[in-house]
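Colleague: This structure is in structure tokens; I'll ask about it shortly.
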Amino acid sequence: MVCLDDLVPADDDLRRIERLVNWPAVRASAAPFYMSGGPGRPALDPVVLVKLALVLAWRGGDSMREVLRSARTDLSVRWFLGFGLTEALPHHSTFSHAQCRRFAESSVFEQLFTSVLRQCTDAGLVVGRRLLVDATHVEADAALKSLRAELAVIDGDGETTVDASAEAPSVLKLAGPRSGPTPKRTASNATAVSLSDPDAKLRHKPGHRTHLVHRAQVAVDPKARVIVAVEAERATGSEHGALPALIGRARFAGHAVREVGADSGYASADSYQDLAGLGVLAYIPAKPNAKHQAAIQARALMRTPLGVEAKIERMVHAEGAIAELKRHGLGRARSRGTRKLQLQLLAAATAINLKRLLAHGDGHNAARTGEDGCRGLHTPLAPTPGTRLRDRRPPARPPHGHPQRDRSPHPDRYFDGLLGRRERPQRSPGSPEGELMAAGALGTLAGSW
């Protein structure tokens, strides 16, 4: 007799994810959206629906149909979902109904994301001091031909404006006869709205095609590039409006958020004031034409070594996390509406944080047991008998003009490569960062000696 459990390798990613997630808690969070008893056939286990969303984000698939099609022959997916070799898999419309109706206004995916994030914090993957924020546009599931002009002017939030002082609506009149070529019609977010997805907004960038998009905000901790908070919103207005919500989500999950690093798209007098009111130090470069006092202070802060460090960390980790989200299914919205995009964003961020936990577990096990013939990370390197000190020196630097390219993904490598021989930022001696820098400096001096 063939057992499906014997056919799935012990080191399979989905098998390891099965051990990391608290599935009874996921089932309990979805219980209020199901009615026990009553007529009709039994409902599908909500854990199966959440697992389908995780598999879709983990594999970076384009649709649920693709995941279920691959599950017919992929034994690890079938085992992860809890279906035997001969059992029929759920229909894709069941997941669509759960995503668009049953779980659309729920906190099931939010609680799952927070639970995995706290595991990352307990594993030491989150420092809890600096938060790096960046935004990206996600293409909406709507075509340009779905745009329809509105008779009333639409404000920045996409809602029609009503003049309370008007006694009666204006009367429409037919335009007079026109001669000559038909003028080219143009649409904007102030005059048109999509019938397919009213939350989607027009975006045109020089050199790119015009399309409808949503905006996704991502907050990352720089230590292991763990995603701490996400927010899906309409692509209107300034990006800094989501900062208080992101900080609130991060602090709810246990992140201290003492510093925030972002690009100049978040710079404004209001954003500096709001962050100061929240007790957060803002490493946000001011816009070139800004002349208020907060902008002057921001420019001075960004010239400091810590400001340069925050800028580089944002470029490496925040933008890197967004690129990674694109590979986990965030290249295009699979449903219509900002709220449904939030569920897709949470599933992708949860998959990335699970990836961090799996990588941390591999490194921890290798450091403890020395697997694959390698030494553990905490095992001191003993010198070979008879080896002199100069034989253990680091390799000499290449001659000037021919820098050696370092392909290491560690953030310190990016920092050194971008700063060159400039002095690294100094931390206070009592902080953990200061102790690490002091240890690195002593090691450099010992190697040079």
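The values are calculated or read from the model by the stated rules, or taken from the named source; none is laboratory data. Computed from a predicted model, the values in this text were never measured in an experiment. FYI the Cβ positions are ideal-geometry reconstructions off the backbone, even for glycines, and counts take in every protein chain you see.
Colleague: For segment 6-89, list the helices (runs of 4 or more DSSP H) that sit wholly inside it and hold at least 2 residues that are of a type outside the set (A, V, I, L, M, F, W, C) and closer than 26 Å to Glu324 by Cα; which are they?
Modeller: 13-20, 46-59, 64-71, 75-81
Colleague: Return yes or no: is Glu239 touching a Phe, Trp or Tyr at 6+ places or on another chain (Cβ under 7 Å), at pLDDT 90 or above and surrounded by 14 or more Cβ atoms within 10 Å (Cβ to Cβ)?
Modeller: no
Colleague: Something else about it: Determine whether Val116 is outside the structural domain of Thr350 (by TED's automatic domain parsing), modelled with pLDDT of 85 or more and either crowded, with 20+ Cβ neighbours inside 10 Å or farther than 22 Å from Tyr34 by Cβ (or both).
Modeller: In short, yes.
Colleague: Right, here's the next one. State whether the residues of segment 2-21 include one that is under 22 Å from Arg339 (Cα atoms) and outside the structural domain of Ser335 (by TED's automatic domain parsing).
Modeller: Within segment 2-21, none of the residues are under 22 Å from Arg339 (Cα atoms) and outside the structural domain of Ser335 (by TED's automatic domain parsing).
Colleague: Let me ask you something else. Modelled with pLDDT under 90 and surrounded by 14 or more Cβ atoms within 10 Å (Cβ to Cβ): does that describe Gly337?
Modeller: Yes: the conditions hold for Gly337.
Colleague: Further question: Residue by residue through segment 1-43, note down the ones that are of a type in the set (Ser, Thr, Tyr) and modelled with pLDDT under 85.
Modeller: Result: Tyr34, Ser36.
Colleague: Which residue pairs have Cβ atoms under 8 Å apart, sit 6 or more places apart or on different chains, and have a first residue in segment 122-138 that is touching a residue at least 12 places away in the same chain (Cβ under 8 Å) and more than 20 Å from His360 (Cα to Cα) and a second that is acidic (Asp, Glu) and part of a helix (DSSP H, G or I)?
Modeller: Note: pairs meeting the criteria are Arg130/Glu313; Leu132/Glu313; Asp134/Glu319; Ala135/Glu239.
Colleague: Sticking with this one: Given the structure, is Thr210 modelled with pLDDT of 65 or more, out of contact with any strand residue (DSSP E or B) (no Cβ under 6 Å at 6 or more places or on another chain) and hydroxyl-bearing (Ser, Thr, Tyr)?
Modeller: So Thr210 fits the description; yes.
Colleague: Give Ala290, Ala295, Ala262, Ala286 a once-over and let me know the one that is modelled with pLDDT under 90 and surrounded by 15 or more Cβ atoms within 10 Å (Cβ to Cβ).
Modeller: Ala290
Colleague: Among the helices (runs of 4 or more DSSP H) lying completely within segment 254-344, list those that include at least 1 residues that are of a type in the set (Val, Ile, Thr).
Modeller: So the answer is 293-302, 305-313, 319-325.
Colleague: Only residues that are surrounded by 13 or more Cβ atoms within 10 Å (Cβ to Cβ), without any contact (Cβ under 8 Å) to a residue 60 or more places away in the chain, in a loop (DSSP other than H, G, I, E, B) and of a type in the set (Ser, Thr, Tyr): list them for segment 177-233, please.
Modeller: The answer is Thr191, and nothing else.
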